[in-house]
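The values are calculated or read from the model by the stated rules, or taken from the named source; none is laboratory data. Since the model is a prediction, treat every value here as computed from it, not as a measurement. Counting neighbours? That spans all protein chains shown, and the Cβs are built from the backbone with ideal geometry, glycine included. The area values use the complete protein model at the heavy-atom level, side chains included, leaving out ligands, DNA and RNA. Shrake-Rupley method; radii C 1.70, N 1.55, O 1.52, S 1.80 Å.
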Amino acid sequence: MLRLGIMGGTFDPIHYGHLVAAEMARTEFALNQVLFVPTGLSPHKKQRRMTDAQIRYHMVEMAIRDNPQFIISSIELERRGPSYTVDTLKELQQIYLQHELFFITGTDALREIFDWHKAEEILTLTRFIAATRPGYGAQEFLTKMALEYPQFMKKIHVLEVPALAISSTDIRSRLAKGQPIRYLLPDEVYNYIQATSPYPSYSQ
Ligand code: NAP
């Protein structure tokens, strides 16, 4: 069986932390490919104004272009309504028939899985790689997981990624304050942001 990593995230914008996390997951879990899936309409983000999905998608496309093992899917941009992970996984399962799925995302995002739409079904469809920032342990999440879904504990893997000290929130906040963001993300994405200013009036 082949192994597919599914890198789910808002990527607003994508940065080196995401890319390092994807590459670490690929090598540590012997993934054949990592499929980046930028969210369309995040169900939990109705309040914050997100950058247009096409722009976030385009930035991801630019960032992964030079890695043949990184690919991208517009599956969540094409779907109407909120981007529920359960729907994404079911669709991908039909496309990648001979693959075991590994959903890679931030531990901070995964902490909320207990409130995600059809959480239990999601846990039957995929294994999870929880990418964690240094200093932000996953222990609390794992304890809750062991209490609520002990049968799925074997499907959760924690991956500490030092480069995740970089965050999209920090990048947006730096842009709002006119602080430098160069070297936090790939040059192509940096140049695109400089040229098009997709974050003109960001406020947290
Ligand atoms: P988020 O709330 O924007 O992010 C939470 C934290 O996780 C942030 O610190 C973020 O860092 C980090 N993070 C997000 N994606 C990451 C990735 N792929 N690798 C490493 N760190 C990552 O979370 P989100 O991006 O909206 O959601 C993450 C995934 O969970 C998406 O695929 C989303 O669709 C899914 N999700 C599904 C449901 C549902 O089905 N109901 C609900 C919530 C989330 P940065 O800000 O630096 O990225």
TODO: Can you confirm whether the range 87-98 contains a residue that is under 17 Å from the mean Cα position of the chain (by Cα), over 22 Å from ARG26 (Cβ atoms) and either surrounded by fewer than 13 Cβ atoms within 10 Å (Cβ to Cβ) or among the acidic types (Asp, Glu) (or both)?
DONE: yes
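So that you can scan it fast, the table gives a plain yes or no per residue for (1) surrounded by fewer than 15 Cβ atoms within 10 Å (Cβ to Cβ); (2) closer than 16 Å to HIS18 by Cα; (3) within 16 Å of the chain's Cα centre (by Cα):
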| residue | (1), (2), (3) |
| --- | --- |
| MET59 | no, yes, yes |
| ASP66 | yes, yes, no |
| ILE72 | no, yes, yes |
| GLU76 | no, no, yes |
| SER83 | no, no, yes |
- [ ] Determine which single condition GLY40 fails, assuming it passes every other condition in (1) open to solvent by 40 Å² or more (accessible area, probe 1.4 Å); (2) among the small types (Gly, Ala, Ser); (3) in contact with a Ser or Thr (Cβ under 6 Å, 6 or more places away or on another chain).
- [x] (1)
TODO: All but one of (1) in contact with a strand residue (DSSP E or B) (Cβ under 7 Å, 6 or more places away or on another chain); (2) open to solvent by 20 Å² or more (accessible area, probe 1.4 Å); (3) within 21 Å of SER42 (Cα to Cα); (4) not in a helix (DSSP H, G or I) hold for PRO134, so report the exception by its number.
DONE: (3)
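Where in the range 26-113 are there helices (runs of 4 or more DSSP H), lying fully within it, with 3 or more residues that are within 30 Å of GLU140 (Cβ to Cβ)?
85-95, 107-110
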Open item on the list: Whether any residue in the range 145-160 is assigned to a strand (DSSP E or B), touching a residue at least 60 places away in the same chain (Cβ under 8 Å) and farther than 26 Å from ASP66 by Cβ is what I want to check.
Closed with: yes
Task: Yes/no for PHE128 being open to solvent by less than 20 Å² (accessible area, probe 1.4 Å), within 21 Å of ALA21 (Cα to Cα) and within 15 Å of the chain's Cα centre (by Cα) - done: yes
Open item on the list: The conditions are (1) touching a helix residue (DSSP H, G or I) at 6+ places or on another chain (Cβ under 6 Å); (2) under 22 Å from ARG49 (Cβ atoms); (3) part of a helix (DSSP H, G or I), and TYR199 fails exactly one of them. Which is it?
Closed with: (3)
